[in-house]
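These notes are about the structure you will find just below.
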Amino acid sequence: MKSKKCVGFLSWLLLCAFILTPFFAQAVRSSGAWQELTEQTAAINGTPPQADSVTIPVYQGSVQLRSDAANPVDYSAKPSQFSTSDAGSALTLTNPHDTEGDIFADPPLAWQTERAPTVTLVWTEAATPDTPLSPQPSANLTFCEQNMAGRHLVVWPPPSR
């Protein structure tokens with residue numbers, strides 16, 4: 001008799017657990033992040049997402065140079081072979097999340113001055129990247145012709161206003 005009551009109680013308890021499980025699952029799901037990390041965000045209430053900054057790519061011919069590693073350059077290369085692209089699709093977001101944590105892939109660009117800055121290339125020594133070379137390398141002479149072969153140089157595209 002006692003085992004019948006115990007089995008009946010356990011059956012009732014198991015039935016209650018099955019009935020309440022969806023409610024607990026819904027509560028856990030609704031208390032999580034309000035946005036899935038794989039979804040992209042557009043403007044919310046008219047406010048577009050904003051990144052901290054962007055990285056402007058530098059190209060040697062049609063090859064994009066890596067900004068996180070040294071790129072070997074042939075001694076016969078000329079500074080005129082290096083270029084940059086300030087097109088919105090070419091820019092890489094430095095911070096892929098805006099200040100609220102939203103994710104966006106290719107945000108519309110808006111410049112604070114309402115005019116896109118011009119981008120030029122500045123050459124520096126790798127040991128002193130904050131000090132531009134003076135004079136800057138001549139665009140139409142090879143690095144070898146300018147006695148720069150074998151040097152470790154940095155090129156960066158500072159936007160000017």
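If amide H atoms are built 1.01 Å from N in the plane of the peptide, which residues on other chains or at least 5 residues away come under 5 Å of the amide H of V154?
Excluding prolines and chain starts, which carry no amide H, the hits are T124, E125, A126.
Quick one: Karplus J couplings for segment 121-136, per residue in order, coefficients 6.51, -1.76, 1.60, θ = phi - 60°, nearest Hz, x for Gly and Pro?
Values per residue, Gly and Pro as x: 9, 10, 9, 9, 6, 4, 6, 10, x, 8, 10, x, 4, 9, x, 5 Hz.
Only the coordinates and a few stated rules stand behind these numbers; no lab work does. This one's a predicted model, so the numbers in the text were calculated from it and none came from an experiment.
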